[in-house]
Amino acid sequence: MIIKDSHIPIYYQLEMEIKEIIKELTPGDPISSEREFSEKYGISRMTVRQAINNLVAEGVLVRQRGKGTFVATPKVEQELSGLTSFSEDMRSRGLTPKTKILDFKTIPCPRGVASKLRIEEEEMVYEFSRLRIADEIPMALETSYIPTALIKELQEETLHGSIYEYVEKTLQLKISHATQTIESTLSQKNESIPLGIKEGAPALLMERYSYLENGTPFEYVKSIYRGDRYKFVIDMKRSQ
Ligand code: GLP
């Protein structure tokens, strides 16, 4: 219901209304047209457009040129309280993880990464870029650096699966903690193509340094996550 003389803006009331309506729909279902909403609620098409634009920007709806507006697939929610791998995150949501390796080489550790991994610049690291996919939808592009001294003879084949699982189950090393930063960014052309988004589309830049139980830095990973597919959840306690 839309209350016209409310102090709550009409476009915002309509956004809430649409969110209620789509609870009964499934991703990919079309929603009513601007004209239909405008007639149903007796409000201007401009107001309807504003509400729909906001919901598209929020990732609740997707617009397809010439076809209409549809219910979007809900974003993947990632909890930030535990240290999990991409494969675990996707499986826990009932999605099937898949990985496409875009690049894999052994190089002297780049400046900037070396100090964080606490190794010398000339020490060798594996550098690999992986497109992380869930249920056939590209989710993130990750570039990782791991010292070769920690994993002898890492095979490209291994990178198709979970690197955390390989380290913990096969190498019997314990990954204990990580430091991660998250920043908003706009996707660059070389990122947007594999991710299947428009160049300049909103994305999340995450950097993670993971450590083994003995405190040795094990990986540095720079990830670009699709802003329209991901959201982070954190439970916070107020200190007494
Ligand atoms: C996440 C993290 C990466 C980590 C990866 C491991 O995506 N951002 O830092 O390397 O998980 O995932 P997996 O074990 O599935 O390869």
Distance (nanometres) between label positions extended 7 Å along Cα→Cβ at R49 and A201: 2.3 nm
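What pairs from K100/K152; K4/K237; K67/K222; K98/K198; K198/K237 go past 28 Å between their alpha carbons?
Pairs exceeding the cut-off: K4/K237; K67/K222; K198/K237.
Run the numbers on the chain and let me know its relative contact order in percent, using alpha-carbon pairs under 8 Å that are six or more apart. Walk me through the numbers before you get to the answer.
Numbers: 418 pairs, mean separation 39.2, N = 240.
Across the chain, relative contact order equals 16 percent.
Rounded if a/c is under 1.5, else prolate if a/b is larger than b/c, else oblate: which is the range 194-240, with a ≥ b ≥ c the root eigenvalues of its Cα gyration tensor? Numbers along the way, then the final one.
Working: a/c = 3.90, a/b = 1.33, b/c = 2.94.
Judged from the Cα gyration tensor, the range 194-240 comes out oblate (a/c at least 1.5, b/c at or above a/b).
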Neighbourhood net charge (13 Å Cβ-Cβ; Lys/Arg +1, Asp/Glu -1) for P110: -1
Nearby aspartates and glutamates by direct alpha-carbon distance to K19 (threshold 17 angstrom, same-chain neighbours under 8 apart not counted): D29, E34, E36, E58, D228
Point-charge dipole on Cβ atoms (K/R +1, D/E -1) for the chain, about Cα centre, debye to 20: 600 debye
Share of carbon and sulfur in the accessible heavy-atom surface of the range 135-176 [1.4 Å probe, %]: 48 percent
GluC sites (Glu not before Pro) within the range 67-125: DSSP coil, no more than 15 neighbouring Cβ in 10 Å: E120, E121, E122, E123
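Once whole DSSP H runs in the chain are found, which of them have Cα atoms spread over 15 Å or more along the helix axis and a mean Kyte-Doolittle score of at least -0.5?
Numbers: long enough: 10-22 (18 Å, 0.25); 45-58 (19 Å, -0.11).
What comes out of the filter, once short or polar helices are dropped, is 10-22, 45-58.
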Per-q log10 I(q)/I(0), the chain, q = 0.14 Å⁻¹ (Debye; single scatterer per alpha-carbon; no solvent): -0.96
Rounded percent of accessible protein surface that carbon and sulfur make up, the range 1-64, 1.4 Å probe: 54 percent
Cut-off 14 Å (backbone N to label point 7 Å along Cα→Cβ of T158), residues of the range 216-234: 218-219
Cβ charges +1 (Lys, Arg) and -1 (Asp, Glu), total dipole of the range 54-184, debye: 500 debye
The chain, accessible area per residue, ligands and nucleic acids excluded (1.4 Å, Å²): 59 Å²
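The values are calculated or read from the model by the stated rules, or taken from the named source; none is laboratory data. As the structure is a prediction and not an experimental result, all values here were calculated from the model. Here Cβ is always computed from backbone atoms with ideal geometry, including for glycine, and neighbour counts include all displayed protein chains. All accessible areas refer to the heavy atoms of the entire protein, side chains included, with ligands and DNA or RNA removed. Shrake-Rupley method; radii C 1.70, N 1.55, O 1.52, S 1.80 Å.
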